[in-house]
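Just so it is clear, none of the values below were taken in a lab; they were calculated from the coordinates. Just so it is clear, the structure is predicted and the values come from calculations on it, not from any experiment. Please note: Cβ atoms are built from the backbone with ideal geometry, for glycine as well, and neighbour counts cover all protein chains shown.
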Amino acid sequence: MDITEVSKACGLPTSTLRFYEEKGLIQSNGRNGLRRLFDANVLERLALISLGRSAGFSLDEIREMFTPTGLEINRTLLLAKADELDKKIKELTAMRDGLRHAAACTAPNHFECPKFLRLLRVAGKNRVRQPNKLKDNKL
C-alpha cells in the first residue's frame, strides 16, 4: 500500500505517518517514486498505536512495546496505566457531579454553595499539577 492508501484506510494524515516512521513506530518497505510503500499489516500496527494513545500511552511507551519479533506488552505498564485511568475517571466523575449540582443549585450565588466551592478547589489543585506534567513531558 502506498502512503496515500494507508492514510485513507486509517484516517491519519500522511504527515502523521511520516512522523510515526521517524519515531520508529512503523516502517515503510520501499518507495514507488516519491511515495512510501507499506505492508498491509501496518494498519494493525496503526490501530494499536491509536489504542495506546487513547489509553494515554506516550509514543515512546508504545514504541517500546514493538520489538523485531513482534508485540511485547509490558503488563506492569498496562496495570499502571489502568490505575491512572481509574484515578482520572474518579476525578472526572466528581467534576461531572459537581457541575450537575451547580446547574441545579438553588443558592443565590454559586460562591455560597459548599459543593461548588469544593469543585473549584479540586479544579485549582489540578491546575497546579498541570505545569509539572508539561515539564516532565508526560502530556
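Some notes on this structure:
- Annotation: the residues Arg45, Arg96, sorted from fewest to most other C-beta atoms within 10 Å of their own C-beta, follow the order Arg96, Arg45.
- Legend: ranking of residues Ile49, Ile73, Ile62 from fewest to most surrounding C-beta atoms inside 10 Å; resulting order Ile73, Ile62, Ile49.
- Using a simple spin-label model with pseudo-atoms 7 Å out from Cα toward Cβ, Leu99 and Leu77 lie 3.2 nm apart.
- The phi-based Karplus calculation (6.51 cos²θ - 1.76 cosθ + 1.60; θ = phi - 60°) puts the 3J(HN,Hα) values of the range 33-41 at x, 8, 8, 5, 10, 10, 5, 4, 5 Hz, whole numbers, x for Gly and Pro.
- Ranking of Glu91, Glu72 by count of other Cβ atoms within 10 Å, fewest first: Glu72, Glu91
- Percent of Cα pairs exceeding the 17 Å cut-off, where the set is the range 3-71: 37
- Over the chain, relative contact order from alpha-carbon pairs under 8 Å, at least 6 apart, %: 15
- Here's how it looks for Leu37: its modeled amide H is under 5 Å from those of Asn29, Gly30, Arg31, Asn32, which are all 5 or more places away or on a different chain.
- Pairwise Cα inverse-distance average, inverted: Kirkwood Rh of the chain (Å): 18.4
- Extension gain from Leu120 to Asn29, taking 0.36 nm per residue of separation minus the Cα-Cα distance: 27.5 nm
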